[in-house]
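S.K.: Take this structure first; my questions come after.
No lab work stands behind these numbers, since they all come straight from the coordinates. Keep in mind it's a predicted model, so treat the numbers as computed, not measured. Note that each Cβ is placed from the backbone with ideal geometry, even for glycine, and that neighbours are counted across all protein chains shown.
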Amino acid sequence: MKKIIHVVGARPNFMKAAPVLDAISKNKQFKQILVHTGQHYDENMSRVFFEELGLPRPDVDLGVGSCSHAEQTAKIMMSFEDVVLKQRPDLVLVYGDVNSTVAASLVAAKLNIPIGHVEAGLRSFDRTMPEEINRLVTDQLADILFTPSKDGDENLLREGIAREKIFLVGNVMIDTLKRLLPQAEDRQRLTAIKEKLGLSLGKEKYVLVTLHRPSNVDDTKMLLEIIRTLENIAEQIKLIFPLHPRTRHRLTGLDFDFQATGITFIEPLGYLDFLALQKHATLVITDSGGIQEETTYLQVPCLTVRKNTERPITVTMGTNKLVGQDMELLKREAFNILAGNKKSGSIPPLWDGRASKRIAEIINSVLEEEK
Ligand code: UD1
């Protein structure tokens, strides 16, 4: 029996791994092992996602927790090496671009275990982003590269990756979104969020905000400038801001008075509540990668507070616009959208809910060939 280890660690990994695990489980020839590195560990950053996405409990939890990049990567490598030596898998599957992704890839590569990278080829061309370093290294080490869009293939070819290793499969996040949207839209759930936030979803207009990139929240001046701009927007429309722990830590460190703003700050939400809120938002303001894609799929206007994106298709085809760190531009674009001037977009090719099925088929044939 062939063995596949999936490695997840941080919030954006969970919705990518869930459909792939499920699609591969159809082939009874494979034993699947799920490893959680513990990069994210809070109840609402990790466990709630396992439950809502129907992910099995991890077979192994490395429990590394939060620390500096070097320490976190090193701790994952040391613990994951033991797992790989014990299990001797035929394939290690890694997801996205977080520290857990690159750490597991380094371990597998040094033990000569083939690596599959789901969401390969994305590039922001900005090496000050930790994720860009993770993407570059992981893709150099991977043996099977699953890309979500054509730009991914082009980036990989330009970096000298052999064409036969690259498979354009589409976007696995959309597989999860399509599967769970009906649950997110469940009437009871909508009523519960409505009560929690004091708004009437589908009727009352609101803006949804998420910000956690170091470039936006670790720099105090930038963070306060963003908050001031959001307060301006909140004078016109309700603004809901689920706070990522990194952002909450930064603001708390500044003795920030959360109550004094017109912004509705809340704890991070689970997958289903957040999806429901995205679907009904008038506008989403974010610096996340995945949310740029989800809003494009949902055709909800998105303003991204970053100078670049590794997901350019959300701008060229989708509803996303980059506003950089220019707060005047953010305000102008936001008010423009609130006035009804929405950018229309379309859904990129292969973002059809079947990406994980394609991945499973490719893995079947690659591992079969090796027999
Ligand atoms: C990580 C990913 C980023 C992804 C984001 C999604 C890297 C380099 N970055 O960033 O790409 O967009 O996850 O959330 O891998 N913390 C908690 N509880 C938790 C997790 C984190 O309190 O469960 C706090 C800790 O103080 C920690 C900080 O948040 O120091 C940042 O966590 P970390 O995993 O280092 O990076 P993220 O900013 O979450």
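S.K.: Quick one: length gained pulling S200 to E51 fully straight, 0.36 nm per residue minus the C-alpha distance?
M.R.: The S200-E51 span can extend by a further 51.0 nm.
S.K.: Answer rounded, prolate or oblate for the range 154-264, using the Cα gyration tensor with square roots of eigenvalues a ≥ b ≥ c: rounded when a/c is under 1.5, else prolate when a/b is larger than b/c, else oblate.
M.R.: Taking the square roots of the gyration eigenvalues as a ≥ b ≥ c, the range 154-264 is oblate.
S.K.: Here is a follow-up. Compute the separation of the alpha-carbon centres of the range 233-302 and the range 65-122 and state it in Å as a whole number.
M.R.: Taking the Cα centre of each part, the range 233-302 and the range 65-122 sit 30 Å apart.
S.K.: Skipping prolines and chain starts, which residues have an amide H placed within reach, meaning under 5 Å, of the one on L168, given they are 5 or more residues away or on another chain?
M.R.: Residues meeting the criterion, in which the H sits 1.01 Å from N, are T147.
S.K.: Using the count of nearby Cβ atoms within 10 Å as a rough guide to exposure, how do S66, S105 rank from fewest to most?
M.R.: S66, S105
S.K.: Hey, in the GNM for the chain with a 10 angstrom Cα cutoff, which one of F14, F146, F335 fluctuates hardest?
M.R.: F335
S.K.: In the chain, once you exclude exposed GluC sites (Glu not before Pro) (DSSP loop, at most 16 other Cβ within 10 angstrom), what's the longest stretch remaining?
M.R.: The longest such stretch corresponds to 1-158.
S.K.: Here is a follow-up. Only counting other Cβ atoms within 10 Å, I'd like D175, D97 sorted with the fewest neighbours first.
M.R.: Placing the least packed residue first, the sequence is D175, D97.
S.K.: Report the residue, chosen from F167, F274, F49, that carries the largest GNM mean-square fluctuation when the chain is represented by alpha-carbon nodes joined by springs under 10 Å.
M.R.: F274
S.K.: On a 32 Å Cα-Cα criterion, which of the cross-link pairs K26/K194; K75/K279; K16/K196 come out too long?
M.R.: K26/K194; K75/K279
S.K.: Is the C-alpha gyration tensor of the range 157-222 telling us rounded, prolate or oblate? Criteria: a/c under 1.5 is rounded; beyond that, a/b larger than b/c is prolate, otherwise oblate.
M.R.: Cα axes put the range 157-222 in the oblate bin.
S.K.: Return the long-range amide H neighbours of L91 (sequence gap of 5 or more, or a different chain), with a cut-off of under 5 Å between placed amide H atoms.
M.R.: K3, I5
S.K.: Can I ask one more? If you place +1 on the Cβ of every Lys and Arg and -1 on the Cβ of every Asp and Glu, how big does the dipole about the Cα centre of the range 160-240 come out, in debye to the nearest 20?
M.R.: Dipole magnitude for the range 160-240 comes out near 280 debye.
S.K.: Then there's this: Taking the Cβ-Cβ separation of L157 and N308 as r and a Förster radius of 30 Å, what is the calculated FRET efficiency to the nearest 0.05?
M.R.: Efficiency computed from Cβ-Cβ geometry: 0.90.
S.K.: Using the structure shown, list the pairs from K203/K342; K110/K178; K110/K307; K238/K342; K110/K165; K205/K331 with a Cα-Cα distance above 27 Å, or answer none.
M.R.: Pairs exceeding 27 Å: K110/K178; K110/K307.
S.K.: If one takes the longest principal axis of the Cα atoms in the chain, at what angle in degrees, from 0 to 90 and to the nearest 10, does the Cα axis of helix 355-369 lie?
M.R.: With rounding to tens, the tilt is 10 degrees.
S.K.: Sum up the charges of everything whose Cβ sits under 13 Å from the Cβ of G318, counting Lys and Arg as +1 and Asp and Glu as -1, but leave G318 out.
M.R.: Result for the local shell: +1.
S.K.: Follow-up. For the pair E328/K178, report the inter-label distance in nm, with labels modelled 7 Å from Cα in the Cβ direction.
M.R.: Distance between the two pseudo-spin positions: 4.4 nm.
S.K.: With the cut-off at 1.5 for a/c, could you classify the chain from its C-alpha gyration tensor as rounded, prolate or oblate?
M.R.: It comes out prolate by the Cα gyration axes.
S.K.: If you don't mind, there's one more thing I want to ask. If each residue of separation counts as 0.36 nm, what is the full-extension length gain between S68 and L136 once their alpha-carbon separation is subtracted?
M.R.: 22.5 nm
S.K.: Still on this structure, please answer the following. I want to verify a result. In a Gaussian network model of the chain, Cα cutoff 10 Å, which of these has the top mean-square fluctuation: N134, N13, N112?
M.R.: Its mean-square fluctuation being the largest, the pick is N112.
S.K.: Taking amide H positions as placed in the peptide plane 1.01 Å from N, state which residues far from K238 in sequence (5 or more) or on other chains have amide H under 5 Å from it.
M.R.: Those qualifying (amide H under 5 Å, at least 5 residues apart or on another chain) are V207.
S.K.: At 7 Å along Cα-to-Cβ for each site, give me the label-to-label distance between F335 and E225 in nm.
M.R.: 1.9
S.K.: A follow-up question, please. Determine ³J(HN,Hα), in whole Hz, for all residues of the range 25-34 in sequence, where each value follows from phi through the Karplus function 6.51 cos²θ - 1.76 cosθ + 1.60 and θ = phi - 60°; x replaces Gly and Pro.
M.R.: These are the phi-based 3J(HN,Hα) values: 5, 5, 9, 6, 6, 10, 9, 10, 10, 9 Hz.
S.K.: Moving on. Please rank L338, L239, fewest neighbouring Cβ atoms within 10 Å first, as an exposure proxy.
M.R.: Listing L338, L239 from fewest to most nearby Cβ atoms yields L338, L239.
S.K.: Across the range 46-61, in residue order, what do the Karplus-derived ³J(HN,Hα) couplings come to in whole Hz, using 6.51 cos²θ - 1.76 cosθ + 1.60 with θ = phi - 60° and x for Gly and Pro?
M.R.: Using θ = phi - 60°, the values come out as 9, 4, 4, 6, 4, 5, 5, 8, x, 6, x, 4, x, 6, 9, 10 Hz.
S.K.: Show me, for the range 328-342, the HN-Hα J-couplings you get by feeding each phi into the Karplus relation (A = 6.51, B = -1.76, C = 1.60, θ = phi - 60°), rounded to Hz, glycine and proline as x.
M.R.: 5, 5, 4, 4, 4, 5, 5, 5, 4, 5, 4, 7, x, 8, 8
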